[in-house]
Amino acid sequence: MLTNENCIFCKIVAGQLPSAKVYEDEQALVFMNLQQMQPGHCLVIPKEHYENIFEIPDDLLGQVSKLSAKIARAVKKAYTAEGIHLLQNNGTAAWQSVPHLHQHVIPRYPNDIGYDLIAIWTKGTAASSAELETNAAKIRQALI
């Protein structure tokens, strides 16, 4: 498996750093984003280290994309969201802050102004472990 010893997401995959896991299979992991832009904001990543969309093999990208759609449906159900943002950035010029391909799944509502696309990378405070685990459990339940 391709890994990068300096990558925070690779450390989460390896169990070296804690995370509130939503879903895991052989090729992908879904966990709560530490910076909850909305309750339910989670990340979908391949377990193997690919920095961005330009590096990941197409078949694995397809699997990650299918999983992102599955998670988006669960988040929408769990949080009765009226919409879902699926955001995936490639390179620092596109505001990719962690160089490991990841898809943000963020529930959205008509009146949640203040959470514009720029704010996703500039606002927000770290959620507590308990809050992250509560959010993860809520999405796991919606996956059933």
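For Asn6, the conditions (1) over 24 Å from Thr134 (Cβ atoms); (2) under 17 Å from the mean Cα position of the chain (by Cα); (3) in a loop (DSSP other than H, G, I, E, B); (4) polar (S, T, N, Q) all hold with the exception of (2). Give me the residue from segment 103-137 that is modelled with pLDDT under 80 and under 12 Å from Gln35 (Cβ atoms) and, out of that set, surrounded by the most Cβ atoms within 10 Å (Cβ to Cβ). Here the residue is Ile120.
Residue count for segment 14-42 under the criterion of being farther than 17 Å from Leu132 by Cα and of a type in the set (A, V, I, L, M, F, W, C): the result is 2. Please go through segment 77-108 and give me each residue that is within 14 Å of the chain's Cα centre (by Cα) and either basic (Lys, Arg) or in a loop (DSSP other than H, G, I, E, B) (or both), ordered by number. Those that are within 14 Å of the chain's Cα centre (by Cα) and either basic (Lys, Arg) or in a loop (DSSP other than H, G, I, E, B) (or both): Gln88, Asn89, Gln96, Ser97, Val98, Pro99, His100, Leu101, His102. Set side by side, the residues Phe54, Phe9, Phe31 differ, and just one is touching an Asp or Glu at 6+ places or on another chain (Cβ under 9 Å), among the aromatic types (Phe, Trp, Tyr) and either touching a residue at least 24 places away in the same chain (Cβ under 8 Å) or surrounded by 20 or more Cβ atoms within 10 Å (Cβ to Cβ) (or both), which is Phe31. Would you confirm, using the coordinates I've provided, whether Ile45 is at pLDDT 95 or above, closer than 19 Å to Met1 by Cβ and buried (at least 21 other Cβ atoms within 10 Å of the Cβ)? Taking the combined requirement at face value, the residue satisfies it. Within segment 12-23, being free of Cβ contacts under 8 Å to residues at least 12 places away in the same chain and not hydrophobic (A, V, I, L, M, F, W, C) holds for Gly15, Gln16. Total residues in segment 10-66 satisfying the condition of being out of contact with any strand residue (DSSP E or B) (no Cβ under 6 Å at 6 or more places or on another chain), in a loop (DSSP other than H, G, I, E, B) and more than 21 Å from Asn90 (Cβ to Cβ): the figure is 9.
The values are calculated or read from the model by the stated rules, or taken from the named source; none is laboratory data. No experiment lies behind these values; they were computed from the predicted model shown. We place every Cβ from the backbone using ideal geometry, glycine too, and count neighbours over all the protein chains shown.
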